[in-house]
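Any read-out appearing in this document is the output of simple, stated calculations on the displayed coordinates, not a laboratory observation. Only a predicted model underlies this, so the values are computations on that prediction, with no experimental measurement involved. FYI the Cβ positions are ideal-geometry reconstructions off the backbone, even for glycines, and counts take in every protein chain you see.
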Amino acid sequence: MSRPQLAEARRVRAVELFGRGLSNSDIAQMVGVHAESVRHWRRAWDNGGAQALRRRPAPGRRPKWDEAQVEQVRVALEQGAQAHGFEADLWTLEWVGLVVEQVTAVTLSRATVWRLLTGRLGWSLQRPERRAVERDETEIARWIAYEWPRIKGR
């Protein structure tokens, strides 16, 4: 449950408790908020009913593209960087920005690309492990188990 949904659930629970005639401090304790918040909610409920305590959309500028376009970007990125002509299959912010521009015709700054990836797409920063291609885990385990004790024992 997201924070706004949790906050709305608390307000809805408070409305249910208003009907029981409980005090603001009792409701605050039961819901897990400060009594001043409950007083504010009760005033809003008195003036506008339960609808006044419902969650409203976040204020601010509307996103540059809709969910269908975000899904198009997700599908394009999941194909991998090499599918879009890049030499490695690891994404950089610049490369993601170029693909976003190709798919949606919207140019984004690096910071906005980062917010797109971590916010709307739910991706996180991943760094590849630096390991030699020739690395052999079984040989390393054998060396640690047999060779190292032999060398250390001298």
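All C-alpha to C-alpha distances of the chain, sorted into 10 Å bins beginning at zero, yield P(r) values of 9, 23, 14, 15, 17, 12, 7, 3, 0 percent in whole numbers. Once the Cα atoms are used to define both axes, helix 3-18 deviates from the longest principal axis of the chain by about 30 degrees. Working from Cα positions, state the angle (0 to 90°, nearest 10) between the long axis of helix 35-48 and the longest principal axis of the chain. The angle comes out at about 60 degrees.
GNM on the chain, alpha-carbon springs under 10 angstrom: the most fluctuating residue among GLY80, GLY119, GLY19 is GLY19.
Mind jotting down a quarter of the surface of the convex hull over the alpha carbons of the range 3-53, in square nanometres, one decimal? Over every viewing direction, the Cα hull of the range 3-53 projects on average to 3.1 nm². Here the extension length gained between ARG127 and ARG3 equals 41.7 nm, from 0.36 nm per residue of separation less the Cα-Cα distance.
So if we plug the beta-carbon distance of ASN47 and ARG13 into 1/(1 + (r/R0)^6) with R0 = 25 Å, what FRET efficiency do we get, rounded to 0.05?
Details: r = 19 Å, r/R0 = 0.78.
Between ASN47 and ARG13 the formula returns 0.80.
Of all the options THR118, THR138, THR104, the one that moves most in a Gaussian network model of the chain with Cα springs shorter than 10 angstrom is THR138.
Restricting the calculation to alpha carbons of the range 68-154 gives Rg and Dmax of 20.9, 68 angstrom.
For the chain, what's the relative contact order in percent, using C-alpha pairs closer than 8 Å and at least 6 residues apart? Working shown, then result.
Numbers: 90 pairs, mean separation 19.6, N = 154.
This gives 13 percent for the chain.
Choose one answer from ARG20, ARG120, ARG74: the residue with the largest mean-square fluctuation in a GNM of the chain with alpha-carbon springs under 10 Å. Between ARG20, ARG120, ARG74, it is ARG20 that shows the largest mean-square fluctuation. The helix-based estimate of mean residue ellipticity at 222 nm for the chain, built from -39,500 (n - 2.57) per DSSP H run of four or more residues and divided by its residue count, is -15000 deg cm²/dmol to the nearest 500. The mean sequence distance of close C-alpha pairs (under 8 Å, at least 6 residues apart), as a share of the length of the range 20-105, puts its relative contact order at 17 percent.
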